[in-house]
Every structure is written in C-alpha cells, then in structure tokens.
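Note sheet for the following structure.
The values are calculated or read from the model by the stated rules, or taken from the named source; none is laboratory data. As the structure is a prediction and not an experimental result, all values here were calculated from the model. Note: ideal-geometry Cβ built from the backbone for every residue, glycine included; neighbour counts use all protein chains shown. Areas reflect the complete protein model, heavy atoms only, side chains present, ligands, DNA and RNA absent. Shrake-Rupley method; radii C 1.70, N 1.55, O 1.52, S 1.80 Å.
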Amino acid sequence: MNKPKDSTGHKNSQELIIEGASCASCVAKIETALKRIDGVDNAQMNFALRTVVVDGEVDSEDLVQAIESIGYNARSAEDTSDDELLDEKEIADQKYYTSLMRKMWIALGLGVPLMIYSIAGGPMTVETTLERGIWLFIGILCAAIMYFAGKHFYVGAWKSFVNHSANMDTLIALGTGTAWIYSMVVVFFPMAVPEMARHVYFEATAMIIGLIDLGLALEVKARGRTSEAIKRLIGLQAKTARVVRDKKEVDIAIEQVLLNDIVRVRPGEKIPVDGLVIEGHTSIDESMLTGEPMPVAKEEEDEIVAGTLNKTGSILFKATRVGKDTALAQIINMVKRAQNSKPPIGRLADAISAYFVPVVMIISIVSALVWLNFGPDPALAFAIVSATTVLIIACPCALGLATPMSVMVGVGKAAEAGVLIRNGEALQTASKITAMILDKTGTITEGSPTVTDILVADKSYTEKYILTIASSIESRSEHPLAQAIVDSAIAQEIDPEDISDFQAIAGHGIEAKLEDHHLLFGNQKLMFKKGVFLGEFVSKAQKLADEAKTPMYLAIDNKLAAIIAVSDPIKEDSIEAIKRLQSSGIRVVMLTGDNRATANAVAKKVGIKEVFAEVLPEDKSNKVAELQAQNEIVGMTGDGINDAPALALANVGFAIGTGTDVAIESADITLMRGSLHGLADAIAVSKATLRNIKQNLFGAFIYNVAGVPFAAGILYPFFGLLLSPVIAGAAMAFSSLTVVSNANRLRFFKPKEH
Amino acid sequence: MLIINLIGLGLIVLIVWWFWLYQAQSTQVSDEQDNSEITVVVEDGIYQPAHISLLENKALQINFVRKDASPCAATVLFPELEISADLPLNKTFAVQLPLLKKGEYAFHCQMKMYSGTLVVK
C-alpha cells in the first residue's frame, strides 16, 4: 500500500521488508534493481533492519516482483495486517514469558535454598576463613545469576541513567546491587565492617531477581487478556473473498480485493469488505458489531459491512470500501486509539511517576543515614537492609499501570456491546453524567413515522386528493415527518403534482402554490400566523396529539382542508432503558421539535417527566447549555446528523443507532445499535471502569505510601519490626500483577440484564 | 560519621541534579526538508534518541524500532496529539505526525517509564 507522506503532492514513499538478504553486498544489488523500475526516484536499504524505503509513484507489487526476480523475498511493510501483527505479538509475548520463567527458575534455584538455610537458623555471617571461602563461592554464583537472570535490569538501569532518566529497572538494579556489593565487601574485607554487621545478603539478591522475573512473567500473561476485545474484533475479519474476475468466481486474499470488485457471499460466510448488494437477498447477523441481536434483512441497494455474517441467502455485492477504509477497520482503529488514551483521572499518577524513582532513591539514602546516625547496632547492617528494601518495595509500575489497564479493558468491553468510546476523557465524563437529553425522533422513537389519520375538514376534497397535495408539498421538504407522507402516497400509487413558490418557514411548516391555489401545510402556529380558522379541529388535533401522534394542518386558499396525523412508533425497549437511566440517578429530559401535546404524550408513555418541545433545530444546543447552567453534567443523545452542534456542546455527546457508520465526528460515544439500552450500557460500563481505575489508583498509592516508610523501618522504634528485602521483592512483584488482574475483572462486567 | 553524612547529602544533590536539573541535548531533525524521518530505537528502558527537536510546521515521521520484549515498551503515546501506536517487536513502525505548532510534546509508554520529548521550535 502506498503511503503518502503528506497531502501537498509530495512523492510517495513506501517501505518494504526484505527477507533473505544476508550480506551487506545485497544492499547495492537490491537498491539497483529497484532504481531501475520506472517511477522509482530513490531506493535506500537499511541493512540492519532489513528494510528498504522506496520513493516514487510506483505500485508496491512491481517492487516486490523486482526484488523476487533477483532472488530475495519482499513484502510491503504496511501490508502486515492487524491479524498478523496480533499473532506476532502473541508469539513475542509467549517467548518473553518463557524467557522470564527460565530466568525466574535460575534465580530461585539459588535464592530458595539460601533462604531456607537462613530461616532454618543457618548463620549468614562471615567469621572463619572457611565461611569466607564458601560465601565467596556463593557470591560468585550470585553474580552469575545476576547476569543470566537479571541482566536486563542492570542494562536498562545503566542506559536510563546515562540518559538522565530512571525507571523500575533503576530501583531493582540499585537494590539488588547494593545488597550484593555489601555482601562481597563483608566477604573480602570483614575487618572493615563492625563485627555484628558482618552479614551477607546473597539470598536477597537472588530471591528479588527471581520474584520480579516471576511477577513480570505473570503480568505478561495477564496483559494479554486485557486485549481480548480487540482480538475478537480483528478476528471478525474474513481472510479471503470470492470475487468475480473475468466472469469467473475466484477466491482471493482479502488484501487483494479492489474497490468496485463484485464479490459473492454464500450463506454462513462472513462479509469480507463493505459494499452494496447488487443481486439477491438475505438476512445478515450484525450483532458482533452493533450488539443488535436480530438479523437484518438485506436486498438490492442495501449496504452491508465487513465482519458481519451472512445467514440465509447467496448475494452478489459491489465492494465500496476495502482495506483500512471498511467500517470494521475503522472501528478497530478507534477502539485501539481509545484504549491507549488516558482519562484525566490518570494525570496525577502520570505527574507523580515523573518524579517517583529519584524521590525513592533519595528516601533510600535518607533512611540509610538515619539508621547510621541513630540506629542501634549493627547500624550499618540495618542501614543497608532499609536502603535496599526501600528501593525494592517502591513500585512505579503499579501506579503507571493503574489507569491504562482499566481503560484498555473497559473500552474493549464497551465495544463488545456495540458502544464505541472515542477517548479516555469521554469515558470518564460519561461516568459522571447527571442529566441526559434524549432527542425524540430516532432516539426514543423508531424515526420511521407513518401516516395514521387523515381528517378531512372540507368535504369537497377526498382523502386521496388531500394526500396528493400534501405529498406534493412534502416531497420537497427535508422535515423528518415529510417522508412518512410521501411514503404513504407512494403506497397508494399517487403521483405528485407540480408545486411552485415553495417556501419553508422554519419551525412552522411550508407555504407553496399549486396552479393558482395557495397552500399552507404545517403546525398550528402556522395556521394562527396566517389567520386560518380552525374551529372544532383544534380539539380534534389535541386528541390526536394526546395519542402521541403529530397532527399537521393543510389549508387551501387559507381555508382548513384537512388534518393529517403522523405517528412515529416508540422503540420497543425505550421505556425499560429510560427506567434504567433514571434508576441510576440520571435526570432524563426529552427534546423535540414536535408540538408540545404530542411530545408530552410520548414522554408520558416512556416515563419522562421533563420535556423541551417545539425546539427549533438551531436551538437544541441552547437547551444543552441551559441544563449545564444548572450545574448538570449533560449527556446529549441524538442521531448525530441534525443535532451535531448540541452533541458537540454537551459534556458527552452520544450518537445513536448509526449502525456501522462510525465516522460521526461530533459524538464522544457512538452507539451502533438503535436501542437506548446501548446508552444505559455505555454509562454502566464507564462507571464500572472508573470505579476500577479508582480502586487501582488507590491500591497503588496506598501500597507505595505505606510500603516505603515501612521498608525504611518506621515501625522499628515501636515494634522492633524491619521488613526483609525478600518480602519487599515479593510485594513489589505482585503489586503490579494485582493492578492488571483487577483491571481484568472488568472483563466479566455485565450491564444489567435487558 | 560526618563524612558519611556528607557523602549521603552529596548523593542526594547529585540525584536532583542528574535527573531533574540537567537539560538534555536534543537530536535536531534536518530542517531543510518539508518532511523528514527519524528512527527511534525502543530498548533497555529508553527511547534512543529521547529528545527530538524540529521546526514548526514541518512534517515528521518517527520510525520506531522496538527491541524490548517487555510489554511496557509495546505502546507509544503522544497524549497531546491523541496519537498512539502499538509497536511490533523488532520491526520498524512508522508514526506520521501532523504539522506541529511551537511547543513541547511528550511521548511515552503507557506507564511513563519510557519517555521522550518532541520540541518544536
């Protein structure tokens, strides 16, 4: 895949991965072969990385061919699919896990026997020459273990140190290094150390390295589970597609499907790329993306999306989006991005972690000085133990992992329910929402209104004539209810008349002309404004409105001709979902451009007490601001098209029922299925995630805040207690594992049954 | 005892100076081109180079090469730019940055153990 560097028309640049290049002389060969291709301006190989960067307008397949023709294998670096990356990651993680476990056994192989010996009362002191000899041997063994099982800590610590930074490696290296060096000094120069302090700590060094390796290994495993949701999404992608080429159907790799290819999908197969059905009809299971359990019927001209499952029929479709452009690829991208973004709650931990390690180093020095100055004998031994223990127990990792691990799992969990959270901030704010504005049409209701009643006022017109006029006017309107009237006319095979002087009056209706008749079609406000007498029809309209129908008046030559009522059915599960929102303490408000009576009727049916009715489209965001002025944290839910400004202004904007159209920029959270349960789920997931983050942060803070002074020996003057460095090592190794495991608990989170 | 205390204090001063007060040198990206590339190796707890500077409104592609198998190294975040990337092991992974305004932009791993800065002048 070509990858333009910027949009200003500069040269394209692409990278290829070369396999089989084993000597530096291959470089010139490969570069020359590439430069000979038409369109290649430059080719430069990085031998160390086995990659070559090619500048110029040229197809990557030509480049691959050229390289293969001279005896090497090549593939485009950008071609690595998510699937392959994931597999590679798993293999790499597994390898890392195995190597850590091996290191752990090496270290504990020495550490555990020494530890048992010391617990069993074996002297760990250096007195006689024989003891010196034995301990020297063990010390050298210990150094070997530090090399084989802990080299990564020391190298990492040194490199960061040179780079003026410090991290977990620094603490481990300093802690174990101090213990080892002190022990070696005792072995070599026992006379330099007071008699009571001639103690060796080789067991601590080996145990700490072993335990931390074990902790890291288990953490790698646990971390693998945090990305389950994204793995599932990536797994939805089909590997091959059956494409019609030269009038034959051939199976090709998914990467090779081109735009406008005609693709065949048989029952039981996954849809490979996004497209439009051109032949056949079927039903498609979209639940894996939208969470909508019912299969969706598809026929010609209908859109289908990659990753969903074809259930019943065989269809042909035209590919409209392939590769990284498919809805599935975009969803994966969005989830990945959100998983890696941090909610504001994590900022404090971030700020702390920048200072954490050097501060711990300073505390360790201070602690040693205090013991040396004021400690009982053997003060030197106490100083060394406390300094080492402080270094070892402090765990910046737990603090650093607290937020990202929970966000990772929480965002993934939401995606499984068809809820796409844009970033960490949206996640956090959603958990704090106090008021939720629901747009009526398409959110609470189906958004597919139908004509229910036609009340003719002037008996000289037939119902059919009324519908003809109304549909002729509405065929030019963009109002959501207009489509209902047009559809109704089409169903009765009515052809529209030619309308002139069409004029939409915002918030009122439409004024137009049919031949020399003057037409008005709209709400009561329009009729009053134009002085049309309504008489008893006011109460008839009221009655319709009370039934949650929207009455519209048609006047011909300023005389009322009829009322047409349109009704938009309420979504089956809206009532229950709204109850869920309300029972979690959220103030639910309905917003609509519809007339007050209809709005109230709908609100009553679904159990909403507050209604903003007759709101002009441009005023929707004012209503959001109004609630915000009452100190509410406002969520706004709409279809994301007509209410974009309101969604953008709200603290959290939810776009609902977008199916798989995920590119709604104004929404912080996209609900892929139409049900309002998705909204309740989104809030429930974000609350659970935030709770999880707080537990993690609290745990990590308390652990460090309590652990460090404890390690420094603050309890010693009162209870004679001093922590062993080995215990500190175990605590440290498992503190970050605890954080990851706690985050993993979120995987089992289930929003309330519905 | 006095000497030991002085050594201890000296160490503390050194830590403060070395880790906090020291101003790191940054690697300047060639400013003649409109778009440049730089390779950052992710290994042994550090980004190499960790401090990168470039001129305003110049595009930059950072090619990350991750050589550390530890999961900490696997993700790089540019919080201010809302960019994040999962870095494959022992492979080049290109992160294309948008044109940037003057300022300092941090990039780091999820836990901030690996960290670097991008200075736009």
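Is region A:671-719 rounded, prolate or oblate when judged by the Cα gyration tensor, a ≥ b ≥ c being the square roots of its eigenvalues, rounded requiring a/c under 1.5 and prolate requiring a/b larger than b/c?
Cα axes put region A:671-719 in the prolate bin.
Send over the Kirkwood Rh of the protein assembly as shown, from the inverse of the averaged 1/r over different Cα pairs, rounded to one decimal Å.
About 31.8 Å, per the Kirkwood formula over Cα pairs.
So what's the back-of-envelope 222 nm ellipticity for chain A, counting only DSSP H runs of four-plus at -39500 (n - 2.57) apiece and dividing by all residues, rounded to 500?
Computed mean residue ellipticity for chain A: -16000 deg cm²/dmol.
For A:Lys605, list the aspartates and glutamates whose Cα falls under 17 Å from its own Cα; do not include residues on the same chain fewer than 8 positions away.
Here the aspartates and glutamates satisfying the reach criterion relative to A:Lys605 are A:Asp439, A:Glu446, A:Asp546, A:Glu547, A:Asp568, A:Glu572, A:Asp573, A:Glu576, A:Asp594.
Given B:Ala74, B:Ile38, B:Gln48, which one lies farthest toward the positive end of the charge dipole of region B:25-120, if we put +1 on the Cβ of every Lys and Arg and -1 on the Cβ of every Asp and Glu?
Towards the positive end, the residue furthest out is B:Ala74.
Please find the FRET efficiency linking A:Asn333 to A:Asp458, where r is the Cβ-Cβ separation and R0 is fixed at 45 Å, and quote it to the nearest 0.05.
0.15
Measure off 7 Å from each Cα along the Cα-to-Cβ vector at A:Asp59 and A:Val112, then give the distance between these two points in nanometres to one decimal.
Roughly 6.1 nm, to one decimal.
Keeping all protein chains in place, calculate the accessible area per residue for the protein assembly as shown (probe 1.4 angstrom), answer in Å².
For the protein assembly as shown, the per-residue accessible area is 44 Å².
If you average the alpha carbon positions of region A:207-262 and of region A:112-167, how far apart do those two centres end up, in angstrom?
One Cα centre to the other: 42 Å.
Mind grabbing the accessible area of A:Arg476 for me, 1.4 Å probe, Å², rounded to tens?
My reading of the accessible area for A:Arg476 is about 120 Å².
Leaving out ligands, DNA and RNA, and with a 1.4 Å probe, what % of the accessible surface on chain A is carbon or sulfur?
Answer for chain A: carbon and sulfur cover 57 percent of the accessible area.
Enumerate by residue number the trypsin sites (Lys or Arg not before Pro) in region A:670-754 meeting two conditions: DSSP loop (anything except H, G, I, E, B), and at most 12 other Cβ atoms within 10 Å of the site's Cβ.
Filter output for region A:670-754: A:Lys752.
Note every residue of region A:119-157 with a reduction of at least 10 square angstrom in accessible area, all protein chains present versus the isolated chain, computed with a 1.4 Å probe, or write none.
Going by heavy-atom accessible area, the residues of region A:119-157 that drop by at least 10 Å² are A:Val155, A:Gly156.
If the only charges are +1 at each Lys and Arg Cβ and -1 at each Asp and Glu Cβ, what is the size of the charge dipole of region B:25-120 around the Cα centre, to the nearest 20 debye?
160 debye
Place a point 7 Å from Cα of A:Val538 in the direction of its Cβ. Which residues in region A:495-532 have their backbone N less than 16 Å from it?
Residues A:523-532 fall inside that zone.
For region B:25-120, which whole-number percentage of the solvent-accessible area (1.4 Å probe, protein heavy atoms only) is attributable to carbon and sulfur atoms?
46 percent
DSSP loop (so not H, G, I, E, B), at most 14 other Cβ within 10 Å: list which GluC sites (Glu not before Pro) in region A:401-451 pass both filters.
Answer in residue order: no site qualifies.
Nearest 20 debye, what's the magnitude of the dipole of the protein assembly as shown about its Cα centre given +1 on Lys and Arg Cβ and -1 on Asp and Glu Cβ?
3180 debye
Would you mind checking the pairs A:Lys231/A:Lys318; A:Lys440/A:Lys571; A:Lys89/B:Lys58; A:Lys525/A:Lys571 and listing those with alpha carbons more than 22 angstrom apart?
In this structure, A:Lys231/A:Lys318; A:Lys89/B:Lys58; A:Lys525/A:Lys571 exceed 22 Å between Cα atoms.
How about region A:305-350: which of its residues lose at least 20 Å² of accessible area in the presence of all protein chains relative to their chain isolated, using a 1.4 Å probe?
Flagged in region A:305-350: A:Lys336, A:Arg337, A:Asn340, A:Lys342, A:Asp350.
From the square roots a ≥ b ≥ c of the eigenvalues of the alpha-carbon gyration tensor of region A:471-585, which class results: rounded (a/c under 1.5), prolate (a/b over b/c), or oblate?
Prolate, because a/c is 1.5 or more and a/b exceeds b/c.
How big is the B/A interface in buried accessible area, both sides summed, 1.4 Å probe, to the nearest 100 Å²?
The summed interface area works out to 4500 Å².
Provide the FRET efficiency to the nearest 0.05 for the A:Arg36-A:Ile278 pair, computing r from the beta carbons and using R0 = 51 Å.
0.75
Of the options A:Val40, A:Ser69, A:Ala700, report the single residue whose Cα projects farthest towards the positive end of the charge dipole of chain A (beta-carbon charges: Lys, Arg +1; Asp, Glu -1).
Checked the options; the winner is A:Ala700.
Between 0 and 90 degrees, rounded to the nearest ten: what's the tilt of helix A:379-393 against the longest Cα principal axis of chain A?
20 degrees
Mean separation of Cα pairs under 8 Å and 6+ residues apart, divided by the residue count of region B:25-120: what relative contact order is that in percent?
30 percent
Return one number: the angle in degrees, 0 to 90 and rounded to the nearest 10, between the long axis of the Cα atoms of helix A:347-374 and the longest principal axis of the Cα atoms of chain A.
20 degrees
Considering every pair of different Cα atoms, what Kirkwood radius, in Å, is found for region A:690-754?
It is 13.8 Å.
What is the P(r) of region B:25-120, as percent of Cα-Cα pairs per 10 Å bin from 0?
Going out from 0 Å in 10 Å bins, region B:25-120 shows 17, 55, 25, 2 percent.
Please work out the FRET efficiency for the pair A:Glu572 and A:Gln492, using the Cβ-Cβ distance as r and a Förster radius of 30 Å; give the result to the nearest 0.05.
It comes out at approximately 0.60.
Could you tell me whether region A:182-321 comes out rounded, prolate or oblate from its Cα gyration tensor? Rule is a ≥ b ≥ c as square roots of the eigenvalues, rounded for a/c under 1.5, then prolate if a/b exceeds b/c, otherwise oblate.
Here region A:182-321 falls in the prolate category.
Would you mind checking the tilt of helix A:25-35 against the longest principal axis of the Cα atoms of chain A, expressed as 0 to 90 degrees and rounded to 10?
So the inclination is approximately 20 degrees.
From the protein chains alone at 1.4 Å, what is the descending order of accessible area for A:Tyr97, A:Tyr72, largest first?
A:Tyr97, A:Tyr72
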